[in-house]
1. Which residue is nearest to the other protein chains (Cβ to nearest Cβ), if the candidates are limited to the range A:432-448 and must be part of a helix (DSSP H, G or I) and within 21 Å of residue A:419 (Cα to Cα)?
2. Which numbered condition trips up residue A:85, out of (1) out of contact with any helix residue (DSSP H, G or I) (no Cβ under 7 Å at 6 or more places or on another chain); (2) at pLDDT 95 or above?
3. When the range A:101-122 is examined, which residues are found to be more than 14 Å from chain B (Cβ to nearest Cβ) and either at pLDDT 90 or above or outside any loop (DSSP other than H, G, I, E, B) (or both)?
4. List the number of the failed condition for residue A:241; all other conditions in (1) surrounded by fewer than 18 Cβ atoms within 10 Å (Cβ to Cβ); (2) under 25 Å from the mean Cα position of the chain (by Cα) hold.
5. Suppose the filter is in a helix (DSSP H, G or I) and in contact with a strand residue (DSSP E or B) (Cβ under 9 Å, 6 or more places away or on another chain); does residue A:67 pass it?
6. Can residue A:436 be described as touching a helix residue (DSSP H, G or I) at 6+ places or on another chain (Cβ under 9 Å) and either touching a residue at least 12 places away in the same chain (Cβ under 8 Å) or in the same structural domain as residue A:514 (by TED's automatic domain parsing) (or both)?
7. Taking residue B:112, is it under 26 Å from residue B:27 (Cβ atoms), in contact with a helix residue (DSSP H, G or I) (Cβ under 6 Å, 6 or more places away or on another chain) and either surrounded by 17 or more Cβ atoms within 10 Å (Cβ to Cβ) or facing chain A (nearest Cβ under 8 Å) (or both)?
8. State whether the residues of the range A:267-289 include one that is away from every other protein chain (no Cβ under 14 Å), surrounded by fewer than 22 Cβ atoms within 10 Å (Cβ to Cβ) and within 30 Å of residue A:349 (Cβ to Cβ).
């Protein structure tokens with residue numbers, strides 16, 4: 001009896017202790033740390049503002065002193081960058097915007113006109129110091145805007161997410177993605193020599209945030225496995241050279257950042273983190289690596305067939321999509337198909353001509369044919385971002401009088417005059433109950449579903465990152481140049497190497513000063529994005545394309561003016577159109593030379609070849625569906641153009 | 001002849017009366033007659049999509065009939081719908097319901113005839 005009592009007693013004590021010492025979340029200290037860091041940054045900016053007001057900005061020494069003060073302030077900004085970028089990306093543009101004016105259309109704003117965002121803050125202030133004339137008021141205004149924006153991070157509405165553990169893993173995800181894509185490249189950092197020192201400082205500050213988090217949120221901890229790897233990443237960054245062109249970006253991402261990202265994704269899933277922020281809108285919690293194609297969601301490739309998951313039906317959509325892709329029935333004269341320009345033997349582009357024929361088979365179109373591979377990883381489609389989804393592009397190209405010249409209603413009738421098309425689409429109607437009959441949306445969706453299946457291949461570079469497959473040293477040298485001295489990665493962001501940067505919610509446009517001809521006699525007359533969004537900053541701007549597979553998609557630029565990658569690299573090396581002496585008022589590319597040596601250019605090319613994806617290309621169909629209209633049955637697979 | 005025509009006209013008139021249904025949706029003010037069919041088509045598409053995506057949680061059954069709730073215009077914004085509710089953050093994603101379809105659902109919900117107010121029961 002006494003034995004039972006003792007056991008019961010011990011059991012009670014254990015139960016009591018386990019309840020008493022169960023970790024309890026209390027965000028108080030964590031939030032306090034946040035508030036201190038934000039306030040430090042604000043105070044530092046106020047000091048900078050006073051310094052500017054007192055300084056007479058006359059001599060080079062005056063300017064140098066202000067530059068030093070800006071660098072100091074940047075350091076305290078880097079201490080809170082982890083929070084700033086995630087909690088309010090719009091306010092961040094006032095603190096550290098890269099451009100005075102940006103026009104944005106983010107995923108959830110696709111139906112709206114682009115929004116104008118005015119940039120301000122430390123990067124623009126530092127760049128302004130390099131102008132021939134520096135006005136005190138203009139400089140002070142850039143800092144004043146940053147101070148006001150910083151104060152918004154002290155508002156309750158902005159700090160509310162800090163009360164719950166969820167925000168932490170989402171902030172951390174964005175931080176890791178930025179470590180891979182921008183923090184080591186000099187993006188939003190005016191002086192290259194500061195990139196790595198700022199990186200080290202930021203990484204150490206984030207460790208401090210990790211510790212504060214551990215103290216406040218013990219029930220959803222950042223496990224030791226993560227913290228140990230992060231510690232090693234800190235040491236790695238510490239031991240790397242100060243010069244970001246000597247920094248080993250490849251190893252940094254492969255051995256540290258990407259594995260940290262994978263771990264953070266497992267915590268997001270394990271702790272069932274849901275986001276209430278548009279920052280996470282496109283990101284996929286299931287993605288296990290930055291270099292997996294499911295990292296973010298760009299386009300709905302299935303269109304109206306979105307809800308089809310049945311394999312048999314998908315095979316049918318693919319079959320019919322393929323047939324339509326090669327079928328010249330889409331054009332008014334039944335001689336031009338998608339394949340005519342998007343040649344499946346040439347990475348779905350046309351490598352033979354700068355720009356393709358017009359429908360009249362005499363004149364040429366104004367722009368180069370883009371490859372269809374990887375287009376789904378964009379939020380806006382076309383070089384000018386005219387379309388918000390892939391299906392709209394199909395609809396326009398068939399009815400554009402310069403391209404296929406069809407009337408869509410008549411075209412649908414023509415397509416449905418073929419028994420195979422008619423029967424297949426009618427059978428598929430059960431999957432689209434909102435449509436009572438076959439529409440052109442069904443046709444367009446089958447086509448986009450078909451060609452998108454070539455966008456899921458991986459390149460040797462991805463395999464090196466994900467599976468540690470060895471890479472020739474020239475590839476890693478080329479990648480490290482790409483990320484630093486060659487300044488490619490400040491527009492072509494890791495991992496798709498296109499104009500979509502973390503958190504992957506918008507597409508970027510750039511003004512490069514692309515010439516009309518190889519001799520740089522004039523700027524290309526094409527207004528680009530300006531045609532869609534007539535803002536002065538958008539004149540001659542084009543959507544940034546991907547670097548993947550470009551070794552196979554010549555010629556290059558919006559007008560196909562360059563026929564080799566060597567010419568493209570020389571163009572950038574010279575500082576774009578402005579660097580080549582053309583008058584480009586609003587070039588977003590620096591007009592300074594990159595000073596790349598012949599060996600460096602070669603390494604860049606080797607790296608670009610390591611982005612050749614393994615794509616399961618297919619042979620065209622043997623024949624096309626037969627139509628009830630006899631005259632339609634002479635059409636050739638792929639057309640005549 | 002005149003007699004036959006009159007009978008036919010009367011007959012057609014009667015059929016017209018019999019099949020004339022109550023309007024299912026609130027037409028926007030000033031909508032032209034030719035656009036009404038297209039307008040209804042949009043609403044109908046939205047209704048089907050509502051049935052697929054929303055009805056399971058949002059509709060109720062009263063006396064064996066589905067009752068689709070009335071939403072306020074403030075509730076019917078794609079941004080708030082997607083991000084404003086914890087549950088929607090994992091269900092109402094761009095992957096599950098593209099913006100184009102969500103707009104159709106909103107179109108339908110914004111133009112459907114509101115439910116009759118429920119009378120408080122007399123004791």
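1. Kept after step one, since they are part of a helix (DSSP H, G or I), are these residues of the range A:432-448: A:440-448.
Cutting the leftovers down to within 21 Å of residue A:419 (Cα to Cα) gives us A:440-447.
Working: A:440: 14, A:441: 9, A:442: 14, A:443: 16, A:444: 12, A:445: 11, A:446: 16, A:447: 17 Å.
The qualifying residue nearest to the other protein chains (Cβ to nearest Cβ) is A:441.
2. All conditions are met except number (1).
3. Correct list: A:101, A:102, A:103, A:104, A:114, A:116, A:117, A:118, A:119, A:120, A:121, A:122.
4. For residue A:241, the exception is condition (2).
5. It is false that residue A:67 is in a helix (DSSP H, G or I) and in contact with a strand residue (DSSP E or B) (Cβ under 9 Å, 6 or more places away or on another chain).
6. Against the criterion (touching a helix residue (DSSP H, G or I) at 6+ places or on another chain (Cβ under 9 Å) and either touching a residue at least 12 places away in the same chain (Cβ under 8 Å) or in the same structural domain as residue A:514 (by TED's automatic domain parsing) (or both)), residue A:436 does not qualify.
7. On the way: under 26 Å from residue B:27 (Cβ atoms): yes; in contact with a helix residue (DSSP H, G or I) (Cβ under 6 Å, 6 or more places away or on another chain): no; either surrounded by 17 or more Cβ atoms within 10 Å (Cβ to Cβ) or facing chain A (nearest Cβ under 8 Å) (or both): yes.
In short, no.
8. Scanning the range A:267-289, I find at least one residue that is away from every other protein chain (no Cβ under 14 Å), surrounded by fewer than 22 Cβ atoms within 10 Å (Cβ to Cβ) and within 30 Å of residue A:349 (Cβ to Cβ), so the answer is yes.
The values are calculated or read from the model by the stated rules, or taken from the named source; none is laboratory data. The shown structure was predicted, so the numbers you read here are calculated from the model rather than taken from an experiment. Don't worry about glycine lacking a Cβ; one is built from the backbone with ideal geometry, like all the others, and counts go over all protein chains shown.
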